[in-house]
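The values are calculated or read from the model by the stated rules, or taken from the named source; none is laboratory data. Small disclaimer: the values here were computed from a predicted structure and weren't measured. Backbone-built Cβ (ideal geometry, glycine too); neighbour counts: all protein chains shown. The accessibility values were calculated without ligands, DNA or RNA, using every heavy atom of the protein model including side chains. Shrake-Rupley method; radii C 1.70, N 1.55, O 1.52, S 1.80 Å.
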2 protein chains.
Amino acid sequence: MQITFLGTGAGIPTRARNVSAVALRLPQRAHYWLFDCGEGTQHQILRSSLSISQIRRIFITHLHGDHLYGLPGLLASGKLGGASGEIDIYGPANLERYLRACRETAHDGGAGEADGIRIHEVEPGTIYEDDEFTVECLPLRHRILTFGYRVREHDRRGRFLVEHAREIGIPEGPLFGRLKRGESVTLDDGRTIDSAQLCEPDERGRIFAYCTDTAFCDNAIELARDADVLIHEATFAEQDLELARRSAHSTARIAATVARNAAAHRLFLTHISPRYAQSRASQDRPLTAEDLLNEAQAVFADSQVARDFLTFNVPRRRAVEETQTGAASREQ
Amino acid sequence: MQITFLGTGAGIPTRARNVSAVALRLPQRAHYWLFDCGEGTQHQILRSSLSISQIRRIFITHLHGDHLYGLPGLLASGKLGGASGEIDIYGPANLERYLRACRETAHDGGAGEADGIRIHEVEPGTIYEDDEFTVECLPLRHRILTFGYRVREHDRRGRFLVEHAREIGIPEGPLFGRLKRGESVTLDDGRTIDSAQLCEPDERGRIFAYCTDTAFCDNAIELARDADVLIHEATFAEQDLELARRSAHSTARIAATVARNAAAHRLFLTHISPRYAQSRASQDRPLTAEDLLNEAQAVFADSQVARDFLTFNVPRRRAVEETQTGAASREQ
């Protein structure tokens, strides 16, 4: 499970930060999923190790341009570039209407069902599920209808130690199957064998949560519960809290509070306002992204400020028991 | 009069060439005009010496995404960035519908009349005129309704040489006015004075023509007639003529033929297909932009291949007589 930030700025692009988009690469799959698609996302993909043709699903949080305006061009380029795969797009009501209007007026023909593009209007709850992953969404608190997303990798039963089972004299056959499924078995010689003796610890599935744009919000905490990675917007610094309130955005401190209350394991701040874009403070603009980081870390230590093209491999946690030994296991 | 190419590629962006946009800065004006606005045009502006807030007019050739999809984001960013000026946008039918759909579904509110944005559906002929410039458009030959544009700077009467008039004893007053207007006057002493004796040569206005996307087209020649600068699409090389025909695009040779037939003074090839993107030929893709250049120059010597961020100052030609002395005066 690998995250690549493609756009980490708020509202308008700057030279350093494009508007919102995040790619999520899933283990053992050739394709990846995209969260939001601000203008220029396809340009960012060109500058990364990803390719448009590998996109399988796109999740749109809300219909503000800085999360959306890259979508028609990305779909058209995918088609022109010869991508023939299907793309499922998830988002709030009106997403379909927007894409249809683009298709009809701009003559691309690149966003229709005939091209394998399917658009799903999401409702709170589970919106996608396969053998390995479940995706849920819940509404956040923003000026318009906005959804946060939670991707949960299913737990994986630990590997069955076939050689060890043979060594201790368990006959091959149906007993192997029962042990693999986690049952205890009693052998003809009277021994009782516990499945745990012959299986590696279960692998706990990873959790990825994506919460932007939003003010402080209980649903964000719900989505981020025990998440391995929470990506949460932090448009503003604490001194601009009033601006955050008026525009229904978060400060870095709010994002960190969500991470802490959700017992998340790692927080990435994103959707950083251009006002903190400088690498150094100046008289007009006394704060930088470094200040947002400090404000967040005061509340939640495992905070980072995302930057465009930052890639992060989400480490696997072992069985639930082991993860409780603390930070060490999270630093793998 | 200064041209800056912001996007010179066809269809989909590449690392080297963004999709279509050209800025035209006018003399003595703080603002500039934009021709086409593919996705990422605002990003290109960020990387240039231009700013979004200086845009006064936008001319859209046609409603294909690679000429259009940057417009909603550019307008929204202009508004977010505090631009308060008016913008007039010119283009084919449905442009207004497209922008309205973006505004209504994506909640930007950045493209409405309340924000000083006016959208004009163009018809062949003169679409704009002020004291110094006239803009005309004519339909080109493409798969959908597409307009080429011609900007003509008005001729400027040469400066009246006041000191010289006094030296030769012309009394100040109404006679000065008549001489300035180009009339001949007869003095009380019987001398007849020709205006040309007391005025610098007239300054001929410059002509800028923008023809993309199009197959070979008489209207393109009409628009480019005697142009100081013709920007013409050259999506394909001659060996891909069949592709050009099928997609209603031009080869470099067609662009050069238009320039030659129009007696234009300088040609920039743009809208270059990504297939010629390499700096060197390879076995799969034997041609580069250099080949397009050679094909054009074989027909029209003053050809160049545009590249992103190329800036060109269009030199002023003097009186019509002088320009006929040939290339030397065009090299100023």
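Out of A:GLU222, A:GLU242, I need the residue that is open to solvent by 40 Å² or more (accessible area, probe 1.4 Å) and more than 20 Å from A:GLU295 (Cα to Cα). Which one? Lay out the reasoning, then the answer.
Numbers: A:GLU242 fails: more than 20 Å from A:GLU295 (Cα to Cα).
After applying the criteria, what remains is A:GLU222.
Taking region A:2-42 on its own, how many of its residues are more than 14 Å from chain B (Cβ to nearest Cβ) and on the phi > 0 side of the Ramachandran plot? Spell out the reasoning first.
Pass one, region A:2-42, residues more than 14 Å from chain B (Cβ to nearest Cβ): A:2-5, A:8, A:22-35.
Subset that is on the phi > 0 side of the Ramachandran plot: A:28.
Number of matching residues: 1.
Answer yes or no: is there a residue in region B:151-167 that is surrounded by fewer than 19 Cβ atoms within 10 Å (Cβ to Cβ), assigned by TED's automatic domain parsing to the domain that holds B:PHE59 and under 30 Å from B:LYS79 (Cα atoms).
The answer is no; no qualifying residue exists.
Give me the pairs: first residue in region B:151-169 and farther than 22 Å from B:LEU223 by Cβ, second residue hydrophobic (A, V, I, L, M, F, W, C) and assigned to a strand (DSSP E or B), beta-carbon distance under 6 Å, and six or more apart or on different chains, which are they?
B:GLY158/B:CYS199; B:PHE160/B:CYS199
Of all residues being assigned to a loop (DSSP other than H, G, I, E, B) and without any contact (Cβ under 8 Å) to a residue 24 or more places away in the chain in region A:125-150, which is nearest to A:LEU99 (Cα to Cα)? Just the residue, please. Full working, then the answer.
Start the filter on region A:125-150 by keeping residues that are assigned to a loop (DSSP other than H, G, I, E, B), which leaves A:130-132, A:140-146.
Applying the additional criterion that residues be without any contact (Cβ under 8 Å) to a residue 24 or more places away in the chain yields A:130-131.
Numbers: A:ASP130: 26, A:ASP131: 30 Å.
Applying the filter and picking the extreme gives A:ASP130.
Sort out which residues of region B:136-159 are among the aliphatic types (A, V, I, L, M) and closer than 14 Å to B:ARG225 by Cα, and write them in order of number. Show your work before the answer.
Filtering region B:136-159 down to residues among the aliphatic types (A, V, I, L, M) leaves B:138, B:140, B:144-145, B:151.
Answer for region B:136-159, where residues must be among the aliphatic types (A, V, I, L, M) and closer than 14 Å to B:ARG225 by Cα: B:LEU138, B:VAL151.
Let's see how each residue does on (1) at pLDDT below 90; (2) crowded, with 20+ Cβ neighbours inside 10 Å; (3) in contact with a helix residue (DSSP H, G or I) (Cβ under 9 Å, 6 or more places away or on another chain); (4) under 15 Å from A:THR8 (Cβ atoms):
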| site | (1), (2), (3), (4) |
| --- | --- |
| A:LEU267 | no, yes, yes, yes |
| A:HIS271 | no, yes, yes, yes |
| A:ARG275 | no, no, yes, yes |
| A:ALA298 | no, no, yes, no |
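Is it true that some residue in region A:113-132 is open to solvent by 70 Å² or more (accessible area, probe 1.4 Å) and facing chain B (nearest Cβ under 8 Å)? Show your work before the answer.
Filtering region A:113-132 down to residues open to solvent by 70 Å² or more (accessible area, probe 1.4 Å) leaves A:113-114, A:118, A:121, A:123-124, A:126, A:129, A:131-132.
Adding the requirement that they be facing chain B (nearest Cβ under 8 Å) leaves none.
No, region A:113-132 contains no residue that is open to solvent by 70 Å² or more (accessible area, probe 1.4 Å) and facing chain B (nearest Cβ under 8 Å).
Quick test for you: out of A:ALA256, A:ALA248, A:ALA263, pick the one residue that is under 21 Å from A:GLU290 (Cα atoms) and modelled with pLDDT of 95 or more.
Just a single option satisfies the conditions, and that option is A:ALA256.
Hey, A:ARG47 hits all of (1) buried (at least 24 other Cβ atoms within 10 Å of the Cβ); (2) within 9 Å of chain B (Cβ to nearest Cβ) but one; which does it fall short on?
Evaluating A:ARG47 over (1) buried (at least 24 other Cβ atoms within 10 Å of the Cβ); (2) within 9 Å of chain B (Cβ to nearest Cβ) leaves (1) as the failure.
For B:ILE144, indicate whether it is more than 13 Å from chain A (Cβ to nearest Cβ), of a type outside the set (Phe, Trp, Tyr), open to solvent by less than 40 Å² (accessible area, probe 1.4 Å) and closer than 30 Å to A:LEU63 by Cβ.
Values: more than 13 Å from chain A (Cβ to nearest Cβ): no; of a type outside the set (Phe, Trp, Tyr): yes; open to solvent by less than 40 Å² (accessible area, probe 1.4 Å): yes; closer than 30 Å to A:LEU63 by Cβ: yes.
In short, no.
Could you list, in sequence order, all residues of region A:157-176 that are in contact with a helix residue (DSSP H, G or I) (Cβ under 6 Å, 6 or more places away or on another chain) and assigned to a loop (DSSP other than H, G, I, E, B)?
Scanning region A:157-176 gives a single hit, A:LEU161.
Take the residues in region B:79-104 that are within 16 Å of A:ASP66 (Cα to Cα) and open to solvent by less than 10 Å² (accessible area, probe 1.4 Å); name whichever of them is nearest to the other protein chains (Cβ to nearest Cβ).
The residue in question is B:CYS102.
State the number of residues belonging to region B:51-69 that are within 14 Å of chain A (Cβ to nearest Cβ) and buried (at least 19 other Cβ atoms within 10 Å of the Cβ). Spell out the reasoning first.
Of region B:51-69, the ones within 14 Å of chain A (Cβ to nearest Cβ) are B:51-53, B:60-69.
Still in the running and buried (at least 19 other Cβ atoms within 10 Å of the Cβ): B:52, B:60-69.
Result for region B:51-69: 11.
Here's the yes/no breakdown for (1) closer than 30 Å to A:LEU24 by Cα; (2) small (Gly, Ala, Ser); (3) at pLDDT 95 or above:
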| position | (1), (2), (3) |
| --- | --- |
| A:ARG143 | yes, no, no |
| A:GLU153 | yes, no, yes |
| A:ARG157 | yes, no, no |
| A:LEU175 | no, no, no |
| A:LEU187 | no, no, no |
| A:GLN197 | no, no, no |
| A:PRO201 | yes, no, no |
| A:THR214 | yes, no, yes |
| A:GLU222 | yes, no, yes |
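For region A:191-202, state whether one or more residues are surrounded by fewer than 21 Cβ atoms within 10 Å (Cβ to Cβ) and under 27 Å from A:CYS37 (Cβ atoms).
Taking every residue of region A:191-202 in turn, none turns out to be surrounded by fewer than 21 Cβ atoms within 10 Å (Cβ to Cβ) and under 27 Å from A:CYS37 (Cβ atoms).
So A:PRO72 passes all but one of these: (1) within 14 Å of another protein chain (Cβ to nearest Cβ); (2) open to solvent by 20 Å² or more (accessible area, probe 1.4 Å); (3) not hydroxyl-bearing (Ser, Thr, Tyr). Which condition number does it fail?
(2)
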